[in-house]
Amino acid sequence: MNASVAAPLVPITVAKGDGIGPEITESVLEILHAAKAPIHYDFIEVGQKLYEQGYTAGIAPETWDVIRRNAAFLKAPITTQLGKGGKSLNVTVRTMLNLFANVRPSISYAPYVATQHPGINLVIIRENEEDLYAGIEHQQTREVTQVLKIISRPGTERIVRYAFEYARAYGRRKVTCMTKNNIMKVTDGLFSRIFEEVAVHYPDIKAEHMIIDIGTAKLAAQPEQFDVIVTLNLYGDILSDVAAQIAGSVGLAGSANIGRGVAMFEAVHGSAPDIAGKGVANPSGLLVAATQMLVHVGLAPSAELITNAWLTTLEDGIHTADIYRSGLSAHLVGTGGFTSAVIERLGERPQVLKAVQYKTNRIQVQTSPTPPSIKRLVGVDVFLDWDRAGRDPDELGAALERDLPPAWRLSMITNRSVKVYPNGLPETFCSDHWRSRILPVGAEEMDYAAVLDLLRDLHTAGFEIIKTENLYTFDGERGYSLGQGE
Ligand code: NAD
């Protein structure tokens, strides 16, 4: 009886991307093929061409079926229109597929890749679905635009637990949380509070919190002191580019987007249109992402073979232009030359850099149900577009005081969050965007129907309401921020 039945090939979706995407994808697929990684590919088209065909997220609806049915998605960088146009494909894929964790390792390869920080070996675990990247933006007045920062309890708990589970699974000792909870007490405050709650369940792992600004400065100056960093979406995006660059080059960093089902793997860098088609791009970022993918789908031996050949190539001084330094490097190569050098070294192990050994860890994250709480409506912030009377806050305050129904009182008016009424300062700049905080008279709680009546009265009195935010307490705790100077 023949016992050697070939294992089925692992189905992977591949998008060659834009700019340097096709060149670096070709390189990576050549290396995977030479390493005999047991993979079957389904190629899809996403990105620029699809944007041009009118698909605002850069993907056709039928393409989702291909991505969803395969084990993983290897995605080369996509060109997104900056500051205009459709939605980012990357953000769309991450959110539609619930890829809540963005795992971005940064490692220095000194002395072969120039860096002032030879000891970097850290992982940034970035929340991938929420925060400002929810992309809910509006222009509300001629002068003012806004974006909503969404931070949820389950989303935060999931990423924080993932960071601690990741630390345990990979033998790491410390998790550092970075937020701006001194300024954004409701949103970033929730993130840091949940971090503290979750950390208690991992006594074997050191937990610390840093304010994001000093945390970023420390990362840039002493990156060796960090192990695992968990943070919100935007901070994580910026931090991981800083970490990758000081480790040697953003061109060397890969990233995994992990959820419960299919996972997506990509380079940290973008589509580099400035060097596209020149054959000089470094394929390492996408190659590192591909090895993360191999480990994720249970092909750790193929990942080891490739990474050790890649480290040997770096060690032999065979470098693309982005990491080439005379005195450090031996040969300047293009994308094709680098690819061949890695393939020639399959089966070799680095002598000075640490050879890798991988194991596939499935990280399971359980989140707890959100506890019940008593929610009370205690007031309303009414945002107004008002550009009269030389934008004098006292004029607006007097008009509101005059037109408010007797059941309501004006608590304050802010402009770009600074209190300007009552008793504002004449120096404060006022735009055409005003927030009036309106509270019920003689009542601690009210019904939303009363807010609707209030809005109708204000509208009838000639005020242009651009939005409202209800003010709630939860178990008696204020669920909204105070105005600056309130
Ligand atoms: P970029 O990362 O594409 O390029 C920044 C600089 O790094 C450029 O000088 C480029 O030549 C260089 N570089 C990047 N990758 C390299 C590589 N592999 N080898 C050698 N040099 C490399 O960033 P950008 O210029 O800000 O963005 C270009 C486009 O990429 C934009 O449309 C942006 O939206 C998009 N982008 C996509 C992703 C993604 O798909 N995940 C990520 C970031 C940016």
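The values are calculated or read from the model by the stated rules, or taken from the named source; none is laboratory data. Just so it is clear, the structure is predicted and the values come from calculations on it, not from any experiment. Here the Cβ positions follow ideal geometry from the backbone for every residue, glycine too, while neighbour counts run over all protein chains shown. Each accessible area value is taken on the protein alone, full model and side chains, heavy atoms only, with ligands, DNA and RNA left out. Shrake-Rupley method; radii C 1.70, N 1.55, O 1.52, S 1.80 Å.
Here are a few things to note about the model shown:
- Think of each Lys and Arg Cβ as +1 and each Asp and Glu Cβ as -1; about the Cα centre, that makes the dipole of the stretch 214-280 roughly 80 debye.
- For the chain, the fraction of alpha-carbon pairs in successive 20 Å shells from zero, as %: 21, 46, 26, 7, 0
- Around the amide H of Lys467, modelled in the peptide plane, lie the amide H atoms of Phe383, all under 5 Å away and 5 or more residues distant in sequence or on another chain.
- One Cα centroid belongs to the stretch 392-460, the other to the stretch 195-265; the line between them spans 42 Å.
- Computed about its Cα centre, the charge dipole of the stretch 114-170 is approximately 160 debye, with only Lys, Arg, Asp and Glu carrying charge at their Cβ.
- Normalised by 2.2 N^0.38 Å, with N the number of residues, the alpha-carbon radius of gyration of the stretch 119-232 equals 1.15.
- For the stretch 375-478, the residue among Val451, Trp434, Tyr472 whose Cα projects farthest onto the positive side of the dipole built from Cβ charges is Tyr472.
- Reach of Lys218 by Cα under 29 Å, taken over lysines that are not fewer than 8 positions away in the same chain: Lys149, Lys174, Lys180, Lys185, Lys206, Lys354
- Furthest towards positive pole of dipole, Tyr235, Thr141, Ala300, structure part the chain, Cβ charges: Ala300
- Assigned charges on the beta-carbon of Lys, Arg, Asp, Glu; the stretch 116-247 dipole about Cα centre (debye): 260 debye
- Applying a DSSP loop filter and a limit of 13 other Cβ atoms within 10 Å to the chymotrypsin sites (Phe, Trp or Tyr not before Pro) in the stretch 377-429 leaves Phe429.
- Cβ-defined net charge surrounding Ile229, 12 Å radius [Lys, Arg +1; Asp, Glu -1]: +2
- Annotation: per residue accessible area for the chain equals 47 Å², rounded to a whole number [probe 1.4 Å, protein chains only].
- Nearest-ten-degree value, helix 300-315 long axis tilted from longest Cα axis of the chain: 80 degrees
- Note that the stretch 240-397, at 10 °C in a medium of 1.306 mPa s, gets a Stokes-Einstein diffusion coefficient of 81 µm²/s from its Kirkwood radius over C-alpha pairs.
- Asp453-Asn470 pseudo-label distance in nm [points 7 Å out on the Cα-to-Cβ vector]: 1.7 nm
- Mean shadow area of the stretch 1-103, taken as a quarter of the surface of its Cα convex hull (nm²): 8.6 nm²
- Each Lys or Arg adds one and each Asp or Glu subtracts one; over the other residues with Cβ under 11 Å from the Cβ of Asp385, this totals -1.
- Here the accessible area is traced with a 1.4 Å probe on the protein chains. For the stretch 116-247, carbon and sulfur cover 53 percent of it.
- 0 to 90° range, to nearest 10: angle between helix 335-344 axis and the chain longest Cα axis: 50 degrees
- Percent accessible area from carbon and sulfur atoms, the stretch 274-324, protein chains only, probe 1.4 Å: 59 percent
- For the stretch 375-478, with all protein chains in place and a probe radius of 1.4 Å, 48% of the accessible heavy-atom surface sits on carbon or sulfur.
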